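**Q** Okay, handing you the structure first.
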Amino acid sequence: MPVNLTANAISAINAGDVNSKPVVQVLDIKLIGTTQERYRLTLSDSESTQQAMLATQLNDRVKNGRVRKTSVIQLIEYICSTVQNRKIIVVLNMETIIPECEIIGNPKVIVESNLGAQKTTSNGASGYANLGNNGNLSAQRSAQASFANIKNLSAQNSGNSMQNYPPAIQPAYQPPPNYKSHGAIMKNEAPACIIPIAALNPYQGRWAIKARVTAKGDLRRYNNSRGDGKVFSFDLLDSDGGEIRVTCFNAVVDRFYDKIEAGKVYMISKGSLKPAQKNFNHLKNEWEIFLETTSTVDLCPDEDASIPRQQFSFRPICEIESAENNSIIDVIGIVTAVNPSVPILGKNGMETQIRILNLKDQSGRSIELTLWGDFCNREGQNLQELAEAGFSPVLAVKAAKVSDFTGKSIGTISSTQLFINPDSAEAQTLREWFDQGGKDIASQSISRDNMPVGSKIETRKTVFQIKDEGLGRSEKPDWVTVKATITFIKTDTFCYTACPLMIGDRQCNKKVTRSGNSRWQCDRCNQEFEECDYRYLLQAQIQDHSGLTWVTTFQESGEEILGCPAKELYMMKYEEADDTRFSEIIRNCLFTQFLFRLKIKEEFYGDEQRVKITVVKAEKVNHSAESRYLIDLISKFRLS
């Protein structure tokens, strides 16, 4: 069937056109790419040819044969990008007009010696020499050929063999009046195309995506050979289920950090795409967006119900047993136990909180989930209150990190999200199973060699056993609980002046000093301020029936022992000079029994190795609970 291709379509696209919806022919299709399948096409307008890349969401059209060599197609959405001084047409959406027909016209390859000059050569260079005319060459090359001609031709030939493939050509875009006398739209004037996240690739020059922020990471500061900097990331999800991470550095952080809110929908454009760093990025996308000073991020005021609020890929707990260490997974389970939140010292020397939960599901397995930082006091506190009230909530965990230290467990990271009793089919199924008998079914733990529900710091030891068993001298710290009495507290240096500034969602807490103008200065944050914070750094001696030892206590555990903030005690001693009241507070702590939860680790002090014992939590002995513990211990000895 004779058909007209859009005259000069290739030249127009190279000049910046993105709206004319031209009809072109596919001369060749080649599969490229190793990590992700992509198809490279050779397109013809009957006079010129041009290389094109097919967006990945259109791959199925090639696989199912809707688009093949010699197909006539209409480009609906497309853009021309320059890659290594070569122009590539990126096809984002198209329609097949005729699945297969003879080669139309005598197309030639456009050769670009530079970005501003073009010349044509015989198409024989690309394997299309001696392409035959179809007898209607003059009509096909007519500059006045329109889409109406194609419709008329199809009607005239409705009785021939091509009647099953009537052209379904969309009308060309009509520009607004102020463009009519401007000629071809230049590349930098063309409006950005809103495309699916799955179609994003580095070949695109102008694009826009509409997506929901599903997770917003903390603001992090770093220091490397190029100096200090700051960075934060957020994850996006669009209506087609595509996900991608967006990262901002330094000055770009100042523009967008406060603007981005989890759960909101944004229109984002003018970013650069780079390969995703899989060490830090768990999303199923080979690219990552880096926003720049010219990037735009616009909040969409109207809620878009077509974009889901979250997307999960849950794995049964039994499958986590074979999951790779440090892999990122989604999991859903019933919370069967919630341990108290306890402070610990992180690798960076900063104090943080941890809380350990137990999850079980229908697979017959249970697992420990460790909450870190703010998760302990937000969702963790909510879960503890539900557990104490007798409820066993459903917990969905998005992006948990797998650990294989003495069994398999999972923990939160900065991009983790927790959903308590989510409104989903998986949660409803799990709740019905648990309420209809699942709560009485025993499950086998895959964490910490089937350790009891109590957390790893519940192992009871005496002071003598700490030294006798050489605790803290292995590569990993030891965590134990000791029932002991405070016999002495050093009062000359019981606290230190700390930086009150926030780094992301955490306080800096580094030691600060007075600067020349009587302000406080933090070397870490490189800032000065009027007021500092005061944090406990206690050195105390504890004793039980087997011996005594020195321990170090930081902020939270110091407040638990002394019963007042460090700043209040500092002002009492050094500003108010109320020695009587100060001494009374110290005396009230002495010879009081506590349950000390201890972290024991060998550290270097100069050239000397010493075991350091740190109090991560101190609780006054509850004699009723302690009696139950001892009775249970006696029962276990009888059974053994």
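The values are calculated or read from the model by the stated rules, or taken from the named source; none is laboratory data. Here the structure is a predicted model, which means the values were calculated and not measured. Every residue, glycine among them, receives a Cβ derived from its backbone with ideal geometry; neighbour counts consider all protein chains shown. What goes into the accessible areas is simple: the full protein's heavy atoms, side chains included, and nothing from ligands, DNA or RNA. Shrake-Rupley method; radii C 1.70, N 1.55, O 1.52, S 1.80 Å.
**Q** How about region 1-109: which trypsin sites (Lys or Arg not before Pro) there lie in a loop by DSSP and see at most 14 other Cβ atoms within 10 Å?
**A** Arg68, Lys69
**Q** Then there is this: For Asp298 and Asn64 in one chain, what is 0.36 nm times their gap in residues minus the Cα-Cα distance, to one decimal in nm?
**A** The span from Asp298 to Asn64 would gain 80.4 nm if fully extended.
**Q** Ok, one more. Ordering His545, His282, His623 from largest to smallest accessible area (1.4 angstrom probe), what's the sequence?
**A** Correct descending sequence by accessible area is His545, His623, His282.
**Q** Sort 408-419, 382-393 by the packing proxy (mean of other Cβ within 10 Å over each peptide's residues), most packed first.
**A** Put in order of decreasing packing, that is 408-419, 382-393.
**Q** Follow-up question, since we're still on this one. With a 10 Å radius around each residue's Cβ, average the other Cβ atoms per peptide and rank 367-377, 212-222, 421-431, highest first.
**A** On the way: 367-377: 21.6, 212-222: 17.5, 421-431: 14.9.
Averaged packing, sorted descending, gives the order 367-377, 212-222, 421-431.
**Q** Loop-only check: which chymotrypsin sites (Phe, Trp or Tyr not before Pro) in region 579-640 are DSSP coil with at most 12 other Cβ within 10 angstrom?
**A** Answer in residue order: Phe591.
**Q** Could you do me a favour and compute the accessible area per residue for region 299-416, 1.4 Å probe, result in Å²?
**A** Ligands and nucleic acids excluded, the result is 42 Å² per residue.
**Q** Give the calculated FRET efficiency between Asp523 and Asn377 to the nearest 0.05, with a Förster radius of 30 Å applied to their Cβ-Cβ distance. Please list the in-between numbers first.
**A** Values: r = 29 Å, r/R0 = 0.95.
FRET efficiency, Asp523 to Asn377: 0.55.
**Q** For region 355-474, with all protein chains present and a 1.4 Å probe, just round the carbon and sulfur fraction of the accessible area to a whole percent.
**A** 47 percent
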